[in-house]
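J.: Dropping a structure here in structure tokens format, bear with me for questions.
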Amino acid sequence: MANPMKVPFLDLVTPHRELEAELLAVVKKAFSGAAFIGGPMVEDFEREFAAFCDSKYCVGVNSGTDALRFAFMAAGVQPGEIIVTVPHTFIATTEAISQAGAEIGFVDIDEKTYTMDPNKLRDYFEQRCAVDARSGKLTERASGRRVVGVVPVHLYGQTADMDPILELAAKYRLFVIEDACQAHGAEYFSKKQNAWKRAGSMGQAAAFSFYPGKNLGACGEAGAITTNDEEMANRMKMIRDHGQAKKYYHDIEGYNGRLDSLQAGWLSVKLRHLENWNHSRRSLAHRYHQKLSDMRDSLVIPLEASWTKGVYHLYVVRVQDRDALQAHLAEAGIGTGIHYPIPLHLQKAYLQLRYREGDFPVTERVAKEIVSLPMFPQLRDAEQDEVVGAVKEFLAARVATAN
Ligand SMILES: Cc1ncc(COP(=O)(O)O)c(C=O)c1O
């Protein structure tokens, strides 16, 4: 039997205990005004989060999945058109594509950063697509479908390499929606603009999740979309609210996908701590880097590319016997996760897309070897040392068996 939990994968109790008075004050405020849907707390949070992301507009919604879906719809995607993303992400990215009526296109990830490989994206456009002579639009040759958008996923809190992705998208006139659900506050250095850019400020729009375990997490379900495009922001506001801009005047069919005011109020409280929490995550990540770097022969630690300032939503390492390492850590009372064990193109849900093993080899290799170690702002040095000690013990025993 595994030891009692010594180091949890994630501690959500401590931050809520620390902020209890402020969070309870939000409940009182909501009760006193009885504005539970919409209202000033939602508007305040939208303003604050837009500013945090260096974006003009923020539209609060019910989840990160809604955020993606509403952004695709507001970008004008039509049934059967292709939106391209990566198979190494949470299924919400592709669920949102299908649920917006579009088709999923995949390109593989980069082996070092685990985010969309811009070269693979270029290869897909150049080798498998063609620009239609009459419409000037990009079309996938095999299916005859139009390709209309790209979704880079800023996975684990590190941004995708956005300059080449944005350049390709501009060349082929495609929209870019960032999946920033794991990257609140992450930054990207754009050589093109010679400036650091916040996740959420680079595409036509960006989706954020405030699922409780995220760097900025609600106390329930919540999400948001950021954009600099006023028209798009207005469309997304309508889509989240049954297609109405004015009560009971429905221009389109929309959804019940609003952000409720309690969540918005709690998110405003937590947003004030986000820079500090992200700073702690970065310090912890660097401490892991330092302590694990002598294991480089048998353990791949996360690479922070020169163009990104990561916020370490997850600290993901790679090792040959991943399952054995995970079992060893569980035995030592250390919580871990796998993000994600089955590449999306090989999931049962996508059997009908007829992908086969070998179609996206980098994703497939990575999925077999990754394990996420404990990472949360309140993780103590002594706890982190336990994790490092147990990882090293496992790797040393493996080397001893091999010799
Ligand atoms: C990369 C990614 N995209 C989308 C989502 C969906 O967010 P939500 O769970 O808030 O719908 C998540 C959240 O888990 C995510 O990690």
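The values are calculated or read from the model by the stated rules, or taken from the named source; none is laboratory data. Nothing here was measured: the structure is a model prediction, and the numbers come from that model. With ideal geometry, Cβ positions are generated from the backbone for all residues, glycine too; neighbour counts draw on all protein chains shown. Note: areas computed on protein heavy atoms with side chains; ligands, DNA, RNA excluded. Shrake-Rupley method; radii C 1.70, N 1.55, O 1.52, S 1.80 Å.
J.: Averaging sequence separations of C-alpha pairs under 8 Å and six or more residues apart, then dividing by the length of the chain, give the relative contact order as a whole percent.
T.: Numbers: 823 pairs, mean separation 89.2, N = 403.
It comes to 22 percent, rounded to a whole number.
J.: Taking the Cβ of residue 209 as the centre, find all other residues whose Cβ is under 13 Å away and add up their charges (Lys, Arg: +1; Asp, Glu: -1).
T.: Once all neighbours under 13 Å are counted, the net charge is -3.
J.: A further question follows. Give me the number: length gained by fully extending residue 191 to residue 98, i.e. 0.36 nm times residue separation minus the C-alpha to C-alpha distance, one decimal in nm.
T.: On the way: separation 93, 0.36 × 93 = 33.48 nm, distance 3.35 nm.
This chain segment gains 30.1 nm when fully extended.
J.: Would you mind calculating the gained length between residue 245 and residue 352 on full extension (0.36 nm times residue separation, minus the Cα-Cα distance), in nm to one decimal?
T.: 34.7 nm
J.: Using a cut-off of 13 Å between beta-carbons, work out the net charge of the residues near residue 321 (Lys and Arg +1, Asp and Glu -1, residue 321 not included). The partial results should precede the final answer.
T.: Working: positive: 318, 322, 368, 398; negative: 323, 369.
Computed value for this residue: +2.
J.: Net charge around residue 306, counting only other residues with Cβ within less than 11 Å of its Cβ (Lys, Arg = +1; Asp, Glu = -1)? Don't jump to the answer; show the numbers that get you there.
T.: On the way: positive: 191, 309; negative: 161, 304.
So the surrounding residues net to 0.
J.: How much length is gained on full extension from residue 6 to residue 22, taking 0.36 nm per residue of separation minus their Cα-Cα distance? Could you put the intermediate results ahead of the total?
T.: Values: separation 16, 0.36 × 16 = 5.76 nm, distance 2.91 nm.
Full-extension gain reported as 2.9 nm.
J.: Report the percentage of all Cα-Cα pairs in segment 133-239 whose separation exceeds 16 Å, rounded to a whole percent.
T.: When every Cα pair of segment 133-239 is considered, 63 percent fall beyond 16 Å.
J.: Now a separate question. Can you order the peptides 100-106, 33-39 by their average number of other Cβ atoms within 10 Å per residue, highest first? Could you put the intermediate results ahead of the total?
T.: On the way: 100-106: 21.6, 33-39: 13.0.
Ranking, from highest mean packing down: 100-106, 33-39.
J.: Charges only on Cβ, +1 for Lys and Arg, -1 for Asp and Glu: so what's the dipole of the chain about the Cα centre, in debye to the nearest 20?
T.: Dipole magnitude for the chain comes out near 500 debye.
J.: Using only the C-alpha atoms of segment 212-356, find the volume of their convex hull and express it per residue in Å³. Mind dumping the intermediate values first?
T.: Values: hull volume 31.6 nm³, N = 145.
Taking only Cα atoms, segment 212-356 has a hull volume of 218 Å³ per residue.
J.: For segment 39-94, evaluate the Debye formula with one uniform point scatterer on each Cα (no solvent term) and list log10 I(q)/I(0) at q = 0.20 Å⁻¹, rounded to two decimals.
T.: The Cα Debye sum returns log10 ratios of -0.89.
J.: Residue 47 to residue 368: FRET efficiency via 1/(1 + (r/R0)^6), r the Cβ-Cβ distance, R0 30 Å, to the nearest 0.05?
T.: Between residue 47 and residue 368 the formula returns 0.10.
J.: Find, among the GluC sites (Glu not before Pro) in segment 298-394, those assigned to loop by DSSP (not H, G, I, E, B) with at most 13 other beta-carbon atoms within 10 angstrom. Walk me through the intermediate numbers first.
T.: Details: sites: 304, 331, 357, 364, 369, 383, 386, 393; in loops: 304, 357.
Qualifying residues, ordered by number: 357.
J.: Within segment 297-403, report the trypsin sites (Lys or Arg not before Pro) that DSSP leaves as loop and that have at most 12 other Cβ atoms within 10 Å.
T.: 354, 356, 380
J.: As an exercise, take the mean of 1/r over every pair of distinct alpha carbons in the chain, invert it, and state the Kirkwood radius in angstroms. The partial results should precede the final answer.
T.: On the way: mean 1/r = 0.0453 Å⁻¹.
One decimal place: 22.1 Å for the Kirkwood radius.
J.: Hey, in the GNM for the chain with a 10 angstrom Cα cutoff, which one of 208, 376, 31 fluctuates hardest?
T.: 31
J.: Here's something else I'd like to know. Ignoring any ligand, DNA or RNA, what whole percent of the accessible area of the chain comes from carbon and sulfur when the probe is 1.4 angstrom?
T.: Values: 9230 of 18190 Å².
Carbon and sulfur atoms account for 51 percent of the accessible area of the chain.
J.: Oh, and also: Distance in nm between label sites at residue 143 and residue 401, each 7 Å beyond Cα in the beta-carbon direction?
T.: 4.3 nm
J.: To continue, here is another question. Under the √(5λ) rule applied to the eigenvalues of the Cα gyration tensor, what semi-axes describe the equivalent ellipsoid of segment 1-151? Give them in Å, descending.
T.: Largest first, segment 1-151 gives 40, 24, 13 Å.
J.: Rg(Cα) of segment 181-253 divided by 2.2 N^0.38 Å?
T.: 1.36
J.: Still on this structure, I have one more. Compute the distance in nm between two label points, each set 7 Å from the Cα along the Cα-to-Cβ direction, one at residue 132 and one at residue 273.
T.: Result for the modelled spin labels: 5.2 nm.
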